[in-house]
Amino acid sequence: FELAARRVEDLPAFDTAFQRGDNASEGGKPWKVIDCHLHLMDFLQKSEGTYSMMAANNHANVSKSVVFGMPCCKKWEQQEPEAPLYYQDDNSDCYVYHYADQMVADGWQGLPEQYRSRFAPCFASFNPTDKFAIQHVMRMHNKYPGMWRSVGEVMCRHDDLTTMLQDKECPTANHPGLKPIYEFCVENDMPVIIHHNSTQMMEEDGTWEYLWEVEDVLQAYPTLKFVWAHCGVSRRISEPDHHKMCDAMLRKYPNLYLDMSWVVWEDVICGPDGYPKQEWLQVIERHQDNCLIGSDTVGQFEGKLHKEITKYYKLLDRLSTTAAQKVGYGNCDRIFFQQTLAAPSLDDVAKKYPRITPTLDAERLIDKEGKFLHIGKY
């Protein structure tokens, strides 16, 4: 089949796609949402491309997305006979891939002007343990003023990934290398998205060993918009009373936001029946101004993003109408998309940058074969 000729301009407008109503929830509502967590590239720096991303968004009633690259790249070591597809496929290292931010910028600039305001580009392809990391941030910010809407996703403590990083220095949320970046974010009214485990792996003892590292940042920068990716959860990392910890943190720090994407949904928020637990519904309703939903799709979108978004309908249907609109759409729109004194509107920014010719390869992963099919450029 031929996919290389697909053009973004041929996609229907989002409003047309939304009005189809073929994504109705159990409550009969086709929820309109913003995806707070979408990786344009995977751990090999491959991507299905922006056409597939937009087509998948339309299918899932996603009107806007917060988009970033992948700051880590998986190494294919000489003793491994098969190429890895994911960071956990083998024990080889991962390394910081600084060019990922440029790929996000190129992908965004390759879109027609009228589509760009649907995406909030973010950047974080730096080593968070390097006190020189602020220089990368400043270079990318100065090269594309007004385009970047957040610093993130910054990979700090992250299950097995932490031990796979080449320099073996543990990245923590309160590392000195991140302090000037937090100051930059405060100065530019820019959110920061941090992946940082709340506790140790496979240790359900009712304590959160790494929580103090997050609190250090929240206390030092009370006006910093700190988005905690996956509510501090990774694979095999959570506590039975995780909802109580999140509730306490949100009560204490009004500048904290919970990103409820990835495994926190299935492993922590939902019960065995696949529906959100009552205690989590109460926490989210109580802190409805500080909770976000996201797909955490990684480089591959069509056939994948839809289920990672519509699963949240079980949550939105069970919240009050006001809370559901905030959690599903309003909070993300306010934090990443609305114009501020430091951040111009994305519509104005889109007009500033001329469209470039797409040069990056769009590649679709054929899951059963573990191979990629070239489907065009983005």
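Give the residues of the stretch 308-321 that are within 16 Å of the chain's Cα centre (by Cα) and either open to solvent by 60 Å² or more (accessible area, probe 1.4 Å) or among the charged types (D, E, K, R) (or both), sorted by residue number.
308
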(message) Residues that are touching a residue at least 40 places away in the same chain (Cβ under 8 Å): list the strands (runs of 3 or more DSSP E) wholly contained in the stretch 172-278 that include at least 3 such residues.
(response) 192-195
(message) Can you go through 248, 324 and tell me which one is of a type in the set (Gly, Ala, Ser) and open to solvent by less than 10 Å² (accessible area, probe 1.4 Å)?
(response) 324
(request) Please state which of the following conditions residue 289 fails to meet, knowing it meets all the rest: (1) touching a helix residue (DSSP H, G or I) at 6+ places or on another chain (Cβ under 8 Å); (2) modelled with pLDDT under 95; (3) of a type in the set (Asp, Glu). (result) (2)
(request) Determine which single condition residue 373 fails, assuming it passes every other condition in (1) open to solvent by less than 50 Å² (accessible area, probe 1.4 Å); (2) part of a strand (DSSP E or B). (result) (1)
(request) Quick one: residue 289 ticks every box in (1) under 17 Å from the mean Cα position of the chain (by Cα); (2) surrounded by fewer than 18 Cβ atoms within 10 Å (Cβ to Cβ) except a single one, so which number is it? (result) (1)
(request) Quick one: which residue in 361, 347, 367 is open to solvent by 50 Å² or more (accessible area, probe 1.4 Å) and either of a type in the set (A, V, I, L, M, F, W, C) or modelled with pLDDT of 90 or more (or both)? (result) 361
(message) Quick test for you: out of 314, 351, 326, 252, pick the one residue that is more than 30 Å from residue 74 (Cβ to Cβ) and in contact with a Pro (Cβ under 8 Å, 6 or more places away or on another chain).
(response) 314
(request) Mind checking which helices (runs of 4 or more DSSP H) fall wholly inside the stretch 298-363 and carry at least 3 residues that are farther than 30 Å from residue 375 by Cα and touching a residue at least 24 places away in the same chain (Cβ under 8 Å)? (result) 313-316, 321-325
(request) Return the pairs, sorted by first residue and then second, in which the second residue is in a helix (DSSP H, G or I), the first residue lies in the stretch 93-107 and is closer than 18 Å to residue 137 by Cβ, the beta carbons are less than 7 Å apart, and the residues are 6+ apart or on different chains. (result) 98/136; 101/140
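The values are calculated or read from the model by the stated rules, or taken from the named source; none is laboratory data. All of these numbers come straight from a predicted model, not from anything done at the bench. Using ideal geometry, Cβ is built from the backbone for each residue, glycine included, and neighbour counts are taken over all protein chains shown. Surface areas here come from the heavy atoms of the whole protein model, side chains and all, with no ligands, DNA or RNA. Shrake-Rupley method; radii C 1.70, N 1.55, O 1.52, S 1.80 Å.
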